[in-house]
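The values are calculated or read from the model by the stated rules, or taken from the named source; none is laboratory data. Fair warning: this is a prediction, and the values are worked out from it, not measured in the lab. Cβ coordinates were reconstructed from backbone atoms using ideal geometry, including for glycine residues, and neighbour counts include every protein chain displayed. For accessibility, only protein heavy atoms count, side chains too; no ligands or nucleic acids. Shrake-Rupley method; radii C 1.70, N 1.55, O 1.52, S 1.80 Å.
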Amino acid sequence: MSSDLSDLYQEVVLEHSKRPRNYRVVEGHDHQAAGYNPLCGDQLSVTMKMDGDVIRDIGFQGQGCAISKASASLMTAAVKDKTRAEAEALFERVHKLVTEGPEGVDMDALGKLAVLSGVSEFPARVKCASLAWHTLRAALEGRGEAVSTE
Amino acid sequence: MSGFDVRKVRADFPILHQEVRGRPLVYLDSAATAQKPQAVIDAIVRFYQHDNANVHRGVHVLSERATEAYEGARETVRRFINARDAKEIIFVRGTTEAINLVAQTYGRKHIGAGDEILITHIEHHANIVPWRMLCEQTGAVLKVIPVDERGELQLDAVDALMTERTRILAVTHVSNALGTVTPVKELTRRAHAKGIPVLVDGAQAVTHFPVDVQDLGCDFYAFSGHKMFGPTGIGVLYGRMERLEPLPPYQGGGDMILSVTMEKVTYNRVPHRFEAGTPDLAGAVGLAAAIRYLEALGMDAVAAHDQQLLAYATKALESVPGLRIIGQAREKSAVLSFLLDDIHPHDVGTILDREGICIRTGHHCAQPVMQYFKVPATSRASLALYNTTEDVDALVRGLHKVLEVFK
């Protein structure tokens with residue numbers, strides 16, 4: 001595999017896409033949103049249970065490519081038990097990482113999400129990686145309507 | 001193959017001779033847009049270098065030349081699809097605009113609340129959305145001819161779907177997502193028996209085999225320049241004169257009028273009534289050059305190459321483990337839509353791209369087709385006259401690489 005391809009499809013990405021974490025509807029969820037990428041038809045839904053300002057439980061379901069599934073899976077694992085503000089901050093970091101690359105991003109703060117760094121070399125795939133995150137933000141903001149990457 | 005030398009054809013297309021991602025380019029996305037031969041590029045350059053002026057207006061020599069080139073292009077299109085009269089050829093931006101034109105002129109005039117518009121389940125969005133919009137504007141109802149698991153139209157259902165309220169049948173000639181060639185002539189015969197006019201979306205057909213609108217008998221035929229090796233931004237609506245003549249104008253502006261006062265406008269005759277404003281002159285000239293290029297090769301030879309390559313590619317793809325071809329119509333054009341294991345088409349597309357192979361992944365602007373086959377998207381390799389068995393072999397090697405990444 002060429003090096004940028006292996007950056008994109010790192011072991012962790014493939015593993016999360018094959019066995020996504022938290023792939024379910026959260027029972028008794030009080031926040032939810034749907035995300036849609038009209039260009040490729042990818043769609044996913046995020047359900048959450050909040051405890052005050054803290055995300056106590058989060059799940060996702062939907063269809064998409066390996067990158068969008070892995071990103072959603074990693075996202076749910078990363079924001080669980082985080083506050084709204086912490087999740088927002090993570091969103092900003094991930095967004096910078098997938099659009100601009102790792103330079104200037106606090107990689108330690110990203111933890112496992114650092115595996116998404118290869119995406120920045122593939123501009124056509126940025127939306128795949130960010131769909132779950134846009135949907136998370138919509139769920140946090142309590143926006144009922146589906147968010148779109150367009 | 002006798003009479004068709006694909007090596008020579010490839011030499012006519014400068015864009016094909018380059019490396020991308022460090023590999024020789026393999027272009028398998030011609031159903032989205034086809035590449036342009038040097039003859040087309042030259043014709044456009046020549047027009048701008050020597051003849052450019054506005055048409056139908058000037059008294060000077062350049063305007064005469066431009067008018068001659070533009071109206072000459074109309075005649076070239078007429079010959080290519082065997083229309084009776086060059087006046088039946090309307091230049092538009094592309095297939096999409098052609099269909100919108102019919103929906104908003106013929107449709108607005110003849111289709112009202114409770115009337116039915118019949119399309120098929122394998123249309124791409126350009127032959128769905130304009131009709132959907134017309135339904136919203138008029139209260140008409142959209143009816144759909146179903147498809148079977150092979151990707152063929154269920155002809156048994158057609159007669160029952162053509163009712164006394166059906167005002168038009170709009171059907172693709174070749175499905176962009178599946179490659180299915182539809183029995184347009186037979187459908188037109190059945191529709192006309194019930195007095196229903198027929199519009200054919202020929203965007204994917206005119207590049208692959210000879211099209212004769214008189215033989216098909218259809219009322220309207222729409223296609224785009226860019227898919228047939230011509231420029232973008234130019235396309236054609238063919239309409240039988242007796243259908244076009246009574247239609248109101250589409251867009252208003254220069255050239256579509258005979259006289260204008262502040263009180264009254266007298267509209268121009270067909271086809272100029274439908275060509276408001278300065279048309280895409282260089283586009284028309286480029287389209288005519290593309291047609292002359294195809295005519296020189298011979299559409300029968302092009303069709304034979306297409307079918308040979310399709311047969312080769314079908315067999316080659318079927319040899320890839322876990323690959324499933326979506327759309328196995330008995331009459332098919334050179335489009336191969338497929339799924340590879342449970343690997344998402346976007347991942348397939350990205351990995352192939354790194355091998356220098358361009359295919360299309362997604363819903364191909366034909367979401368209802370995807371819904372029928374219960375897939376979110378497919379990978380699509382579409383072949384054209386410049387593609388070779390080596391291109392197909394490269395695709396197969398690339399797909400093995402995809403499997404390797406996802407093993």
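The table below gives the values:
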{"read-out": "Cα gyration tensor shape of region B:83-212, rounded if a/c is under 1.5, else prolate or oblate by comparing a/b with b/c", "value": "rounded"}
{"read-out": "Label-point gap, in nm, between A:ALA89 and B:GLU390 - each point 7 angstrom along Cα→Cβ", "value": "5.7"}
{"read-out": "Calculated from backbone phi, Karplus (6.51, -1.76, 1.60) coupling profile of region B:13-27 in Hz, x at Gly/Pro", "value": "10, x, 5, 6, 9, 8, 9, 10, 6, x, 10, x, 5, 10, 9"}
{"read-out": "Length-normalised contact order of chain B in % [C-alpha pairs under 8 Å, at least 6 apart]", "value": "23"}
{"read-out": "Surface/4 estimate of mean projected area, convex hull on alpha-carbon atoms of chain B, nm²", "value": "20.9"}
{"read-out": "Region B:85-226 - charge dipole about Cα centre, Lys and Arg +1 at Cβ, Asp and Glu -1, debye rounded to 20", "value": "360"}
{"read-out": "Sum of side-chain charges, B:ALA282 neighbourhood, beta-carbon under 10 Å (Lys, Arg +1; Asp, Glu -1)", "value": "-1"}
{"read-out": "Listed peptides B:129-135, B:42-48 by packing density, highest first (mean Cβ within 10 Å)", "value": "B:129-135, B:42-48"}
{"read-out": "Check: region A:90-134 dipole with +1 on Lys, Arg Cβ and -1 on Asp, Glu Cβ, in debye", "value": "240"}
{"read-out": "P(r) weight above 16 Å for region B:1-76, C-alpha pairs, percent", "value": "66"}
{"read-out": "Part-to-part distance (alpha-carbon centres) for region A:122-150 and region A:57-78, which is given in Å", "value": "11"}
{"read-out": "Cα-centred dipole magnitude for region B:172-322, charges only on beta-carbon of K, R (+1) and D, E (-1), debye, nearest 20", "value": "260"}
{"read-out": "Averaged over B:336-347, number of beta-carbon atoms from partner chains that fall within 10 Å", "value": "4"}
{"read-out": "Förster radius 22 Å - calculated FRET efficiency between B:SER259 and B:GLU71 (Cβ-Cβ, nearest 0.05)", "value": "0.55"}
{"read-out": "For the pair A and B, total buried accessible area rounded to nearest 100 Å², probe 1.4 Å", "value": "1400"}
{"read-out": "Prolate/oblate/rounded call for region A:1-100, Cα gyration tensor, a/c under 1.5 rounded", "value": "prolate"}
{"read-out": "Efficiency of FRET between B:LYS194 and A:SER3 - r from beta-carbon atoms, R0 56 angstrom, step 0.05", "value": "0.35"}
{"read-out": "C-alpha center-to-center spacing [region B:282-351, region B:13-87] in angstrom", "value": "23"}
{"read-out": "Carbon and sulfur %, accessible surface of chain A computed with the full protein complex present, 1.4 Å", "value": "49"}
{"read-out": "Accessible area (Å², per residue) of chain A, counting only protein heavy atoms and a probe of 1.4 Å", "value": "44"}
{"read-out": "Förster-model FRET efficiency, 25 Å R0, B:GLU164 and B:LYS185, C-beta, rounded to 0.05", "value": "0.60"}
{"read-out": "Within straight-line cross-link reach of B:LYS401, lysines at Cα separation under 27 Å, skipping those fewer than 8 residues along the same chain", "value": "A:LYS18, A:LYS69, A:LYS112, A:LYS127, B:LYS315, B:LYS374"}
